[in-house]
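Here is the structure we will look at.
The values are calculated or read from the model by the stated rules, or taken from the named source; none is laboratory data. None of the values given here were measured: they were computed from a predicted structure. Here Cβ is always computed from backbone atoms with ideal geometry, including for glycine, and neighbour counts include all displayed protein chains. Calculation scope for accessible area: heavy atoms of the full protein, side chains included, ligands and nucleic acids excluded. Shrake-Rupley method; radii C 1.70, N 1.55, O 1.52, S 1.80 Å.
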Amino acid sequence: MVLVAVSGVALLVAVLLSGLAARTVLSTSFLLLAGGALVSDGFLGLIHITPDSEIVSVTADLALFAVLFTDGMHVSLPKLRAHWRNPARALGLGMPLAFVFMALVTHFLVGLDWTTSFLVGAVLAPTDPVFASAIVGRTEVPAKLRQLLNVESGVNDGLALPVVLVLIAAAGPTAGSAEASPGKIAVELLLGLTFGVVLPLLVNVLVRFRLLGAEAKLQPLLPLASGVILYAACHLTQANPYLAAFSAGAVLAHVSQEAKASFEPLGEALAELAKFAALLVFGALLTPKLFGALSLGGYAAVVLAIFLIRPASLLLSLLGTGISRREKLVAAWFGPKGFASVVYGLLVLQSGIPQAEQAFTLVAVCIAFSIVAHSSTDVPIARAFDVEDLAGIPDGNSDTDAPTSTSPQALSATGGP
């Protein structure tokens, strides 16, 4: 009950300060992370959460699934077919480069063996849609850039998971639960994609039956019910839930604009709630003991991961594209580490491989630094686009789909005049 009370207070504070956070570098993500750390065993000792607590993996898993499901609805399949090259470059070249560079840094600076170093690289390679959405959801940002970040962060979680599982199996003796063959992993990915495509199509067919249909006030619950069924089906069959969530959101929005419009307010609220809960729980893991367990080489690796490895990898992958320099720099910076890496890091810790604890400590500290760095810079960067538009500075590569800075949506996103 103490955890419930703490969660309620944290949520109230986050909501009351959200208006201020939307206009400044102060972020609700940082507040919840700090709040979780404050009430944990490392400080006030009001709640007792350890990395092997079930609530950690459950909240991170739910938050990631919820955000991927709602983010998938923001993907326009016709536009994606027309502009698939930039996300494909980020996923096919940028992500592998980040994976390899992080592995090299981890091995030489932290001293982990090669297999575990590549495992850390795989865990930290995907960007997180929970925190990328902070910039993706702002209408001042050009649509081309938002689509690149949204698709990249939505898909790369599912791509990283099989690599993580294979490397866990190769890293040494495990507790048994994380071991998987490449064939089994391929089946899980295929099942996740299949569930994500088939379930929304089936629900859409059912809605069209003459005797069936939802009344107006219950229509938002139709996509919610689909998401709950999808989540359960994935966990019951070991299908990849993250690939399923993102593909289901995209398919649902494509086949039924009415369902997308009715569910969007509820979906965004639920995704934010899941995010807040996961941030609070993850914050409780950030004790002085955790930070003290990381070596100086580990901290150097964290700084390089955030400020060099991700930016350099994406910039290399986008060479020769039509994206403006400003948009490339923003895309390169917004490579936040978050709940996908939390979930995969917990898989590493629970696997029992020889260097599991060292790997998890590095991953956890990197995520914490990334949350602070990226969630506190989205407003200034989004406003930089807005200010330049207001100043009349032309951008030859701007996307015509992006609303101008004087639109009501843009004014609302920036706090208004």
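When L68 is tested against the conditions (1) open to solvent by 10 Å² or more (accessible area, probe 1.4 Å); (2) under 30 Å from H254 (Cα atoms); (3) modelled with pLDDT under 90, the lone failure is (1). Can you tell me how many residues within region 203-246 are open to solvent by 60 Å² or more (accessible area, probe 1.4 Å) and among the aromatic types (F, W, Y)? Total satisfying the criteria: 1. When each of S29, S133 is tested for being modelled with pLDDT under 90, open to solvent by less than 10 Å² (accessible area, probe 1.4 Å) and of a type outside the set (K, R), the lone residue that passes is S29. Checked against (1) in contact with a Leu (Cβ under 7 Å, 6 or more places away or on another chain); (2) modelled with pLDDT under 80, V75 passes all but a single condition, namely (1). Each residue in region 316-339 was checked for being crowded, with 21+ Cβ neighbours inside 10 Å and assigned to a helix (DSSP H, G or I), and 6 of them qualify.
Checking the conditions here, which among V303, V281, V342 is in a helix (DSSP H, G or I), of a type outside the set (S, T, N, Q) and open to solvent by 30 Å² or more (accessible area, probe 1.4 Å)?
Details: V281 fails: open to solvent by 30 Å² or more (accessible area, probe 1.4 Å); V342 fails: open to solvent by 30 Å² or more (accessible area, probe 1.4 Å).
Of the residues listed, the single one that is in a helix (DSSP H, G or I), of a type outside the set (S, T, N, Q) and open to solvent by 30 Å² or more (accessible area, probe 1.4 Å) is V303.
Scan region 351-365 and give yes if some residue there is modelled with pLDDT of 70 or more, closer than 21 Å to L32 by Cα, open to solvent by less than 10 Å² (accessible area, probe 1.4 Å) and of a type in the set (V, I, T), otherwise no. The answer is yes, given that some residue of region 351-365 is modelled with pLDDT of 70 or more, closer than 21 Å to L32 by Cα, open to solvent by less than 10 Å² (accessible area, probe 1.4 Å) and of a type in the set (V, I, T).
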